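Values quoted throughout were computed directly from the atomic coordinates according to the rules given, and no laboratory measurement underlies them. Being a predicted model, the structure only gives us computed values, none of them experimental. Neighbour counts are summed over all protein chains in view; Cβ atoms, including those assigned to glycine, are modelled from backbone coordinates with ideal geometry.
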Amino acid sequence: MSIAIVTDSTSDLPHTRLRELGVVNVPLYVLLEGQLYQDGVQLSAPDLVAGIQAGLKMPTTSQPSPAEFAAAYRKALETADEVLSLHISGQLSGTVGSARLAAQEFGDRVTVVDSQTVTLGLGLQVLRAAELVQAGQTVPEIVATLQRVHQRADLRFTVDTLDFLRLNGRIGGASALLGGLLNIKPMLVVRGGRVDAGGRVRGRQKALADLVQHVQQYAEQHGGARIAFLATVGGETDRAAVREKLAGVPLQDMGDHSIGAVVTVHAGPGAVGVALEPLTA
């Protein structure tokens, strides 16, 4: 049985990598100044940030329609027997709901999974699913493997300000970090499918040091790790600094990743983080 993988643009995997793997990408939307733009197709994160810095109103985001998912499934099923559809946490977006509505048309040929995470947390699940397809696992086996991995997976990041999350209503348990002292940098985690507080430190350098220490402890606890380094626009230099400080730690490096427009709407410019998974299920 051949299996096609479908995901959405919040996986933040490069289009070239998705094409290499044969993964179908369904973009979310950014609503900017009354105009809808497809994430990563009609609007890039650098253009979005430039617009906000130039004084455009704070944008919002929206999910693809069930019809868009149905079209993606129909196309995928022309060459595959089944579809595995992996998406951003249902607590952060209605995307997985749209996917499930669309899947009803195709019966058991389409399986929709709520990743319970976002950005490279989702992206690492997509990469592992593609590996498991190549290894010959069935859809139920892949879903079970992803669930085991997710129980030990980790997504941690720091942002310059919580304003973007607050204004877009995605702040979750991180609301406990609002306010506070000057130059306090929030540490955030995605836990139970939502953005939650991971602590706070004074200053950017201590925030980066916290990320480094967290990765070191995770790798020690799990006997190594798969890691993806991530940043929104303006966070690239700090992302490189985190990577440099982790030299010698037993990590399977899944690469540097630039966060797309939809996630940038919520995280804001200058965010830096890591997505971690155990090496095996």
Taking Cα pairs closer than 8 Å and at least 6 residues apart, the relative contact order of the chain in percent is 21 percent
Spelling it out for L32: with amide H atoms placed in the peptide plane at 1.01 Å from N, the residues 5 or more places away or on another chain with amide H under 5 Å from its amide H are Y37
Ordering 189-197, 146-154, 271-279 by per-residue average of other C-beta atoms within 10 angstrom, highest first, gives 271-279, 189-197, 146-154
By the Cα gyration tensor axes a ≥ b ≥ c (a/c under 1.5 gives rounded; else a/b larger than b/c gives prolate, otherwise oblate), the shape of the range 184-225 is oblate
The ³J(HN,Hα) series, computed from each phi in the range 206-219 with the Karplus coefficients 6.51, -1.76 and 1.60 at θ = phi - 60°, rounded to the nearest Hz and given as x for glycine or proline, is 5, 5, 5, 4, 4, 4, 4, 4, 4, 5, 4, 5, 4, 4
Simple spin-label estimate for A144/E131, 7 Å along Cα→Cβ, in nm, reads 1.9 nm
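Looking at the range 24-118, which trypsin sites (Lys or Arg not before Pro) are DSSP coil and have at most 16 other C-beta atoms within 10 Å of their C-beta? Intermediate values should be presented prior to the final figure.
Values: sites: K57, R74, K75, R100, R109; in loops: K57.
Loop-located and lightly packed - K57.
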So S62 and R109, fully extended at 0.36 nm per residue minus their Cα-Cα distance, gain in nm 14.3 nm
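Quick one: net charge around V233, please, counting Lys, Arg +1 and Asp, Glu -1 for every other residue with C-beta under 13 Å from its C-beta.
Here the count lands on -4.
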The chain: antiparallel bridges as % of DSSP beta bridges, rounded to 5, reads 60 percent
The simple spin-label model distance between Q217 and K75, using points 7 Å out along Cα→Cβ, in nm, is 4.4 nm
For the pair S2 and K245, the simple spin-label estimate (label points 7 Å beyond Cα toward Cβ) gives in nm 4.7 nm
Gyration tensor on Cα atoms of the chain, a ≥ b ≥ c root eigenvalues, a/c under 1.5 rounded, else prolate if a/b beats b/c, else oblate, says oblate
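What is the gain in length, in nm to one decimal, between D253 and A209 on full extension, counting 0.36 nm per residue of separation less the C-alpha to C-alpha distance?
14.0 nm
Sort 122-131, 239-248 by the packing proxy (mean of other Cβ within 10 Å over each peptide's residues), most packed first.
On the way: 122-131: 23.8, 239-248: 15.0.
Averaged packing, sorted descending, gives the order 122-131, 239-248.
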Note to self: C-alpha centroids of the range 206-281 and the range 1-33 sit apart, in Å, by 21 Å
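If I stretch the segment between L36 and L279 completely, what's the gain in nm (0.36 nm per residue apart, minus their alpha carbon distance), one decimal? Write out the running numbers ahead of the final one.
Numbers: separation 243, 0.36 × 243 = 87.48 nm, distance 3.89 nm.
Residue separation times 0.36 nm, minus the Cα-Cα distance, leaves 83.6 nm.
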Fewest to most Cβ atoms within 10 Å: M187, M58, M1 sort as M1, M58, M187
